[in-house]
1. Return one quarter of the surface area of the convex hull spanned by the alpha-carbon atoms of region 1-104, equal to its mean projected area, in nm².
2. Calculate the FRET efficiency for residue 188 and residue 317 from the Cβ-Cβ distance with a Förster distance of 30 Å, rounded to the nearest 0.05.
3. Restricting things to alpha carbons, tell me how big region 356-491 is in terms of Rg and Dmax, in Å.
4. May I ask you to order 383-390, 429-436 by the average number of other C-beta atoms within 10 Å around their residues, highest value first?
5. Nearest-5 percent of antiparallel DSSP beta bridges in the chain?
6. Angle between the Cα long axis of helix 175-202 and the longest principal axis of the chain, 0 to 90 degrees, nearest 10?
7. Debye sum, Cα scatterers, region 70-126, no solvent: what log₁₀ I/I(0) at q = 0.20, 0.25, 0.26, 0.29 1/Å?
8. Region 300-346: D in µm²/s via Stokes-Einstein (Kirkwood Rh, Cα pairs, 37 °C, 0.692 mPa s)?
């Protein structure tokens, strides 16, 4: 059996240690980090293509689902590895992937590699800088693969450490405040989430016995996933009661919307983005925010379906308010990076709105939005870093006429903005369109489906602030102080070429990714309604 999942954790971890210990010069540190990150991207790519087409999985074998020992429906999880870790406490090392996690694992590996390339000229403590990126990559991969709550909690918290230091050491002038705010918000969300983990543990014996024939308490996430599916499909008479699911659902949702983030727990995000180094912002918005969406689909919807059906309106309200609020706030921003940060709050609102629809197409669109937004926001934050490096400022009123002096930058900016607002032919069009179709067709709304006009307002305002920003930055006379600004640097162009190609590739050929997502939703949530 291939151990590709454990390799996806070990490769960046070993790379972080080697870069820290052996990276005695800037050149050596970045070459070591790039080599290990490329290896991770290669492994993740084998995982991705092997899942899209099992006949291509020649290196690690085709993905094979691992069913539980008892008969009945089960959630397909692939390349699973399961080992007893600390038997006295019932702790296990369990990892596995499916159509929800594989795109996010691949996105993590790709964006880490491109962020390292983007920072090719980093001279401030390069050993620690590149080592922290690899450590962050390891923790993120662990979050998306962990199928034991104890393991999940460890990786979830490990993500905070490298990002805290990346912001606090390599960030802007207000970096210490931003790093501390990031740490406090996300750590408090995790502590609240722990209440849900403990509650599940102390009420897990019956579920574990029904699924695995073992009447003991467990932190095995697969027991809850299989148990919830069997209960929803009539194969399990008793599961966690609705009265128990609702408070567990609430504490998990709190932890996830803080990470997502959703209004009103979003205030840490703009500060963190503005102060973080460009690569830190790329991974923060491109992958870290997706941890919240991943948790909602894996835990809230996958393990607590009755509570999801009962509290869908909470997600709908939070998503709608985040979309509309963030869109209007973006109109008032003068810092390009802060504008992009607030736009991320709005675009993560699509995830909550799609999940709240409880329709097949809405949920699939929300999951697809996690992937698409990761690509687009990586482009946008890299652009903010490029313009700061070239002109010395990110303030929109001070930028004018860049189409004349920075044509490559201007072309990528236009593509990134149009992709973010959901232009047909670009990747995010599909996910946003699917979310609105699902939300409008949701049986939950009934006669209130006209309320869909409220989140639709955000689409109009989003187009307005992006077009207005482009008009201010790209056109007009070039100020004298910007006349000598250089265009994109060679190593920056490498990152942009890859990401822009993905924007068009996924925009024109979304079926492979939608196929993975469809396989996940049809197997995990057969109780979804609508299209």
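Just so you know, all these numbers are worked out from the coordinates, no wet-lab data involved. Everything numeric in this text was worked out from a predicted model, so none of it was measured. No Cβ is skipped: glycine too gets one built from the backbone with ideal geometry, and neighbour counts run over all protein chains shown.
1. Working: hull surface 35.9 nm².
Over all viewing directions, region 1-104 projects a mean Cα-hull area of 9.0 nm².
2. On the way: r = 22 Å, r/R0 = 0.73.
It comes to 0.85.
3. 18.3, 59
4. Numbers: 383-390: 21.6, 429-436: 23.8.
Ranking the peptides 383-390, 429-436 by packing returns 429-436, 383-390.
5. Numbers: 10 of 11 bridges.
If we restrict to bridges inside the chain, about 90 percent are antiparallel.
6. It is inclined by approximately 10 degrees.
7. -0.88, -1.02, -1.04, -1.11
8. Values: Rh = 12.1 Å.
The diffusion coefficient I find is 272 µm²/s.
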